[in-house]
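Read through the structure below, which is laid out as structure tokens, and then see the notes.
The values are calculated or read from the model by the stated rules, or taken from the named source; none is laboratory data. If you're wondering where the values come from, they're calculated on a predicted model, not measured in any experiment. As a convention, Cβ positions derive from the backbone with ideal geometry for all residues, glycine included, and neighbour counts pool all protein chains shown. Heads up: the accessible areas ignore ligands, DNA and RNA and are worked out on the full protein's heavy atoms, side chains in. Shrake-Rupley method; radii C 1.70, N 1.55, O 1.52, S 1.80 Å.
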Amino acid sequence: MKNLNNDVNYKKLLRAPYQLISIMVLVALIVTNASIYGLYKIGFEQQKKRLIEIVNNEAVMINMMINYQLKMDHINSPTDAISQAKIEILDKLMYAHKKFVGFGTSGEYTLGTLHNNKIVFLLSHRHNETGKVNFVPIDSQLAAPMRMALKGKTGTIVGLDYRATEVLAAYEPIEHFKWGIVAKIDTAEIQAPYIQAAIFGFFMSIIVMTIGGFVVIFFTQPLLSAIEKSRLYNRTLFNESPISLVLTDMKGNVLDVNPAFLKLIGYELDEIFKISYWDITPIKYADQEQQQLMSLAQENRYGPYEKEYIHKDGHIVNVRLSGCLLRHDGKKYIWSSIEDITEKKHFEIALQEASLVFEHTHEGIVIADAKNNIIRVNSTFTKVTGFTSQEVLGKNPRFLQSGIHDKNFYKEMWNIIDTKGTWYGEITNKRKNGEYFTTLQSITAVKNDEGLVTGYVSVFSDINDRKKYELQLAHLAAHDNLTSLANRMNFYDNLDKAIQMAKRRQNKIGVLFIDLNHFKEVNDTLGHEIGDQLLKEISLRFVSSVREEDTVARLGGDEFAIILTELKESQDSIKIIHKIIQIVEKPFHINEHCLIPSLSIGISIYPDDGENRDVLLNNADQAMYSIKKHREKKYEFYKELI
């Protein structure tokens, strides 16, 4: 794999101890003391470099974990969320640290933070028998390397560690979480082989040089093993990361990728090194990529920004990129992290479409929280009710109630919502201007996965015009088109109800069958327009001459009928009949014509003349025709006819 962590450097590292032995032998043969001193200085600096490399590797790994965790949790600034991220990352580090025994006999790396003027060590120490976390006061002379790291400094130091033991240490801050990381080894361990070599070299330089060689090998092997474990550990994090990671040169040639990136674009590992970064980037992003390269050159980093990749099979993958500029051996490289946001894009599009539907649907929509306080309404709601969203947000929808429905109506409605989850029906509310309006409405409880109500959604249609139309149809179905009096079917229905009520209350009712005398002559001589106008005027007089609880109907042509309710005696109807005759038979002046109507009225009484509708109507009709036949009087009771 063409990457910066190739085997060449590591093989060089493996050969270093043997090369060091050769140098030691050559120098020792020249002058033992100078050789030992030189070896000590070389070993000391080598240890320093190794410590710097170890602390740098661990710092890079921890920072990558921090960045990944923050991005995965979408954390920006909330303190609680960052604290949770610290805990999750620390758990992972503790798990990994258990498998890392250290380097040499005393070498280890530690992680610490500052808390209440104390340096608190977050990982267990190699030399701590109890395995518990240690701490030292900030003003103590102990833990000097960690103190420097927590001050935000990077470097090496010879000083006392937490055991008050002199150590050579490399330190570096972890700025995201205000941690410090230190890799250290006892100076005594560094000095030991060289002191031994100097003593024995004085007497037996050849023997000491041989022993010294074996000692160097003995002490470097654990360090090399630790380095190899660290390399494998970092590589594991790289390979197992769900975020796509890519290393390219400045020309866009791919040098290293992790499996997540291969999965993202659909290429195999052996294929990826044969293509360039530009092969998977649509041409339309050329200008945008140049801008990001300029940002990289100026700020050593780029992004985050969104773009598209071309998958191996040709489909488009939406991604978000960010990265930084790396320098190694005098060369520049681009390190990029790529997040697949295809599903997020699809969700955003669906959300936009839903928002368009929400705002432009012809139905009013109200969204409320679990306490039934309004959190959103659409434009149709405002159009229907007259209330703007600013006027209703945070309010309970009960402010729309018209007062027409009683408490039991709403109690039953909410009982249905609580038990079935949805209510559907008609409800009359009140607009902002006070006008009543009727809606066909549904109210649905929104529940989470645990079945708890998180809010309510109400959708309604204004059916006010439809209700008015229905009332008009109902009126037309029950009333005469010309006079607006009750028609025959309505009259029959009211008569049946009046009979049932009279039966319960033990009252009497009067049924009047009325014929307008000589009406045909009016139509024939003056025309139907005059005749229709006369019928309308007579109808108004009929209504004005009876009580509110009575019913006046036009049965057809010039025939009318009246129901007189709540009569104690049949004679109680005579006064009303006289009033009808007196009012209706007054002259009419229509289009310069003076018309004087004449009535023939037949009367039947419930229950005297019959106990059902058909009998009462038939008897009243017979009484009316008797009058028309003899023309001796204007009204006649059926019992008088008998």
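Just checking, which of 375, 338, 349 is modelled with pLDDT under 85, out of contact with any Lys or Arg (no Cβ under 7 Å at 6 or more places or on another chain) and β-branched (Val, Ile, Thr)? Outline the logic, then answer.
Details: 375 fails: modelled with pLDDT under 85; 338 fails: modelled with pLDDT under 85.
Just one listed residue meets the conditions, 349.
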Hey, residue 120 farther than 22 Å from residue 57 by Cβ and not in a loop (DSSP other than H, G, I, E, B) or not: yes
Lone unmet requirement of (1) open to solvent by 70 Å² or more (accessible area, probe 1.4 Å); (2) at pLDDT 90 or above for residue 444: (1)
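Please go through the range 212-256 and pick out each residue that is among the charged types (D, E, K, R) and closer than 30 Å to residue 102 by Cβ.
First pass over the range 212-256, keeping only residues among the charged types (D, E, K, R): 228-229, 231, 235, 240, 249, 251, 256.
Within the range 212-256, 228, 229, 231, 235, 240, 256 qualify.
What about residue 548, is it within 60 Å of the chain's Cα centre (by Cα) and assigned to a loop (DSSP other than H, G, I, E, B)?
Numbers: within 60 Å of the chain's Cα centre (by Cα): yes; assigned to a loop (DSSP other than H, G, I, E, B): yes.
So residue 548 fits the description; yes.
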Unique residue being open to solvent by 50 Å² or more (accessible area, probe 1.4 Å) and either modelled with pLDDT under 75 or under 41 Å from the mean Cα position of the chain (by Cα) (or both) when the list is 49, 118, 92: 92
Number of positions in the range 447-500 that are modelled with pLDDT under 80 and in a helix (DSSP H, G or I): 15
Cβ pairs under 9 Å, 6+ apart, first in the range 571-598 and on the phi > 0 side of the Ramachandran plot, second in a helix (DSSP H, G or I) and open to solvent by 30 Å² or more (accessible area, probe 1.4 Å): 591/526; 591/529; 591/533
Residue check for residue 249: touching a residue at least 12 places away in the same chain (Cβ under 8 Å), closer than 22 Å to residue 282 by Cβ and among the acidic types (Asp, Glu): yes
Where a residue in the range 177-194 is open to solvent by less than 10 Å² (accessible area, probe 1.4 Å) and its partner, wherever it lies, is of a type in the set (Lys, Arg) and modelled with pLDDT under 85, with Cβ under 6 Å and at least six apart: 177/86
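The rows are residues; the columns are (1) closer than 22 Å to residue 503 by Cα; (2) acidic (Asp, Glu).
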position	(1), (2)
548	yes, yes
561	yes, no
569	yes, yes
585	no, yes
591	no, no
604	yes, no
614	yes, yes
Residue among 589, 578 that alone is surrounded by fewer than 16 Cβ atoms within 10 Å (Cβ to Cβ), assigned to a strand (DSSP E or B) and not small (Gly, Ala, Ser): 589
Filtered residues of the range 253-292 (kept if more than 19 Å from residue 323 (Cα to Cα), open to solvent by 40 Å² or more (accessible area, probe 1.4 Å), without any contact (Cβ under 8 Å) to a residue 40 or more places away in the chain and not in a helix (DSSP H, G or I)): 268, 274
Count of residues meeting criterion [within 18 Å of residue 262 (Cβ to Cβ) and either surrounded by 14 or more Cβ atoms within 10 Å (Cβ to Cβ) or out of contact with any strand residue (DSSP E or B) (no Cβ under 7 Å at 6 or more places or on another chain) (or both)] in the range 293-319: 11
Of all residues in the range 397-441 being among the basic types (Lys, Arg) and in a loop (DSSP other than H, G, I, E, B), the one that is most open to solvent (accessible area, probe 1.4 Å): 432
Any pair with Cβ under 9 angstrom, 6 or more apart, that starts in the range 508-524 at a residue that is more than 23 Å from residue 611 (Cα to Cα) and ends at one that is of a type in the set (Phe, Trp, Tyr): 515/560; 515/625; 516/560
Matching residues, the range 239-252, being buried (at least 16 other Cβ atoms within 10 Å of the Cβ) and out of contact with any strand residue (DSSP E or B) (no Cβ under 6 Å at 6 or more places or on another chain): 241
Scope the range 131-174; condition more than 24 Å from residue 60 (Cβ to Cβ) and open to solvent by less than 70 Å² (accessible area, probe 1.4 Å); matching residues: 131, 134, 136, 137, 138, 140, 142, 159, 160, 162, 164, 165
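Exposed (fewer than 15 other Cβ atoms within 10 Å of the Cβ) and either more than 20 Å from the chain's Cα centre (by Cα) or in a strand (DSSP E or B) (or both): is that true of residue 383 in this structure? Lay out the reasoning, then the answer.
On the way: exposed (fewer than 15 other Cβ atoms within 10 Å of the Cβ): yes; either more than 20 Å from the chain's Cα centre (by Cα) or in a strand (DSSP E or B) (or both): yes.
Yes.
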Filter result (modelled with pLDDT of 80 or more, over 20 Å from residue 69 (Cα atoms) and outside any loop (DSSP other than H, G, I, E, B)) within the range 231-252: 247, 248, 249
